[in-house]
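To start, the structure under review is shown below, and the notes come after it.
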Amino acid sequence: MVDESRRSVQSVERALTIVHLLADSGSGGTVSQLARQLGVHKSTASRLLATLENAGMVERDEATGIYRLGLDVVALSGTVLGRLEILHVADPVLRRLAETTQETVNFTIRYRDKVMNVQQIPGPNVLRSFDWVGKTALLHRGAGSKALLAYLPADELRAYLDSPLVAHLDGSRRHLEQELEEIRRTGFAVNRGEINPDVFAIGAPIFDGLGRCRASVSVAGSRTAFSDERIPELARQVMSTARTISQQLGHDVGGYAPLA
């Protein structure tokens, strides 16, 4: 009975791992590929995928045999996002920012030791934009991520900096600490091609009524659109948006430094 219960739990864990693997992959995966990533026999992976397919969690392309996430995952994610009060508050303000800057706006919240993008609004003139909704990134990579990382409680920030997640950093940990200090001084973070060399971004933190950094907002666009002359103005607009959302969440914005 114990063995059967353990096998059932293991099957659930493996099925959830498949969902995460497919979520992280932009192109999906075959039975063989997923079996290899799981470290199980192909027949085991096939059985798990069949169960997930019956539940609508994955879909199989008959022509290629590639599995991707199913529409039921979209429905579930929509339900979760619908419960995020912070997103209801932020959405109209984010849309104004996209309209004003003509750039793509991203809204991220903390997800364990990462940030998750829960809203993306392409700028009116953006013809093609990678869909980052549901995607995660490490807390020290990207403008929105670092804007959130800089304002973690001291003990949580120290634990993150001491973790293996930053052990592979290019350059020294001190360089990152100096960058976070600069973010706290200016109120915004800049990403100059850290994730994609052709994409620049500017992010700012969002606080709730208890003063906790709950989320971040950022604008992203081509490096040619983020000139040294334009970055200060974009930073001002992003920070203004972050402050408006923070204020609507009950945060006292009187402590903010005046916008330039």
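Pairs of Cα atoms nearer than 8 Å and 6+ residues apart set the relative contact order; for the chain it is 14 percent. Calculate the FRET efficiency for residue 196 and residue 63 from the Cβ-Cβ distance with a Förster distance of 30 Å, rounded to the nearest 0.05. The computed FRET efficiency comes out at 0.50. Electrostatic tally near residue 209: other residues with Cβ closer than 13 Å to its Cβ, Lys and Arg +1, Asp and Glu -1, net -1. Projecting the Cα atoms of 152, 10, 234 onto the charge dipole of the chain (Cβ charges, centred on the Cα centre) puts 10 farthest toward the positive pole. In plain terms, the residue of 31, 40 with the fewest other Cβ atoms within 10 Å comes first and the most crowded comes last, giving 40, 31. For the chain, a simple Cβ point-charge model (Lys and Arg +1, Asp and Glu -1, everything else neutral) yields a dipole of about 180 debye relative to the Cα centre. Farthest toward the positive end of the dipole of the range 2-74, out of 25, 43, 55, is the Cα of 43, where the dipole comes from beta carbon charges about the Cα centre.
On the basis of the beta-carbon distance and an R0 of 25 Å, residue 37 and residue 160 show a calculated FRET efficiency of 0.40.
The orientation-averaged projected area of the convex hull spanned by the Cα atoms of the range 84-255 comes to 9.5 nm². Neighbour counts of other Cβ atoms within 10 Å put 206, 245, 121 in the fewest-to-most order 121, 245, 206.
Neighbour counting of Cβ atoms within 10 Å sorts the residues 186, 104, 241, fewest neighbours leading, into 186, 104, 241.
A short reminder: the numbers here are calculations on the coordinates, not readings from a lab. The shown structure was predicted, so the numbers you read here are calculated from the model rather than taken from an experiment. When we count neighbours, we look across all protein chains shown, and the Cβ atoms used for this are built from the backbone with ideal geometry, even at glycine.
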